[in-house]
Amino acid sequence: MINNFQNLAKKTLEDIFSCAEKKSQDFDVDFEGENLIIEINSSTFVLSIHNPSQQIWMSSPVSGAHHFEYREAGDSFKWVSTRDNSINLLEKIDRELSSFL
């Protein structure tokens, strides 16, 4: 189960990496190991794979810290906030990155 989690989490961060690079040339995007770092001006987003809890952790200059678990959401699976099931990782990071454009 850990390997499946690691594969899903790494693929998700790779997808976010690609989207952030395409979104703006003003974003400095680095993917090192299990950490994705996106710098915009003097602000930094950090997304990390947290294996013990099987979560992706996000530190955002816009909204603070969030933890996301891969859960069933209707007929699909999504990375959902552990604080609020209505918060989806991909939608949240897209919205927050867009606020810098």
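Observations, loosely collected:
- Exposure proxy ranking for Leu101, Leu90, based on other Cβ atoms within 10 angstrom of each Cβ and starting from the fewest, stands as Leu101, Leu90.
- Longest to shortest principal axis, alpha-carbon extents of the stretch 2-95, angstrom: 36, 26, 23
- Relative contact order (%) - criterion: Cα under 8 Å, at least six apart; region: the chain: 15 percent
- Label separation (Ala73 vs Thr44): 2.8 nm, computed from points 7 Å beyond Cα along the C-beta direction.
- The modelled label-to-label distance between Thr82 and Ile37, using points 7 Å beyond Cα along the C-beta direction, is 2.4 nm.
- Across the stretch 18-72, the convex hull enclosing all Cα atoms gives 100 Å³ per residue.
- For the chain, the number of Lys pairs with C-alpha atoms closer than 18 Å, counting only pairs eight or more positions apart or on separate chains, is 8.
- Helix-only [θ]222 nm of the chain, DSSP H runs n ≥ 4, -39500 (n - 2.57) each, per residue, nearest 500: -10500 deg cm²/dmol
- In terms of its alpha-carbon gyration tensor, the stretch 46-91 comes out oblate; a/c meets the 1.5 threshold, while b/c is at least as large as a/b.
Each reported figure results from applying straightforward, stated rules to the coordinates on display, with no laboratory input. The shown structure was predicted, so the numbers you read here are calculated from the model rather than taken from an experiment. We place every Cβ from the backbone using ideal geometry, glycine too, and count neighbours over all the protein chains shown.
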